[in-house]
Amino acid sequence: ALYQGSVAQASDYRIIKNLHITHVVNATANCPNAFPNTLCYLRLHLSDDSQQDLVEALPLASSFINRALRAQPAGRVLVHCSLGRSRSSALTLAFLMEHRHWSLLHALRWLKERRACTAPNINFLRQLLTYEEQLF
């Protein structure tokens, strides 16, 4: 299972326990991993701005999510940033594009249906379009 959320949700042990989260992608610039002794983390120090380059982060996150979901027993992944809107969305979209072979538009529509606040910034959307060209 794949979830997306905010740092507040990622820091709430009841949520983590209730969803049986095993893996976390932390895409914040300065929020520490909440439960480093009990969960497997991918820590990406990303800023939600027009200068942030995702060229390394997109495939790293996509691969981490894919490995976790394919593990036996299957992992349960939470991708989070500060608000759960932009950075986490960009990383989730990259996974959907690469491992489900979806176009950016299809992935964005699918994600917005499930998480209405999905809103990667324009810089991230441009980079996702480039990523889509590389994948397909």
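Every number here is computed from the coordinates shown, using simple stated rules; none is lab data. Everything numeric in this text was worked out from a predicted model, so none of it was measured. Note: ideal-geometry Cβ built from the backbone for every residue, glycine included; neighbour counts use all protein chains shown.
So for the stretch 22-37 (the condition being part of a loop (DSSP other than H, G, I, E, B), hydroxyl-bearing (Ser, Thr, Tyr), within 22 Å of Ala71 (Cα to Cα) and touching a residue at least 12 places away in the same chain (Cβ under 8 Å)), does at least one residue qualify? Within the stretch 22-37, one or more residues are part of a loop (DSSP other than H, G, I, E, B), hydroxyl-bearing (Ser, Thr, Tyr), within 22 Å of Ala71 (Cα to Cα) and touching a residue at least 12 places away in the same chain (Cβ under 8 Å).
Take Tyr3 and decide whether it is out of contact with any helix residue (DSSP H, G or I) (no Cβ under 8 Å at 6 or more places or on another chain), part of a strand (DSSP E or B) and of a type in the set (Ser, Thr, Tyr). So Tyr3 does not fit the description; no.
Taking helices (runs of 4 or more DSSP H) as the structural unit, those lying wholly within the stretch 68-136 and holding at least 1 residues that are more than 20 Å from Ala29 (Cβ to Cβ) and more than 16 Å from the chain's Cα centre (by Cα) correspond to 104-114, 122-135. Among the residues making up the stretch 4-54, those that are among the hydroxyl-bearing types (Ser, Thr, Tyr), farther than 16 Å from Pro120 by Cα and under 15 Å from the mean Cα position of the chain (by Cα) are Thr22, Tyr41.
Reported count of residues in the stretch 52-89, each being within 14 Å of Thr118 (Cβ to Cβ) and not β-branched (Val, Ile, Thr), is 9.
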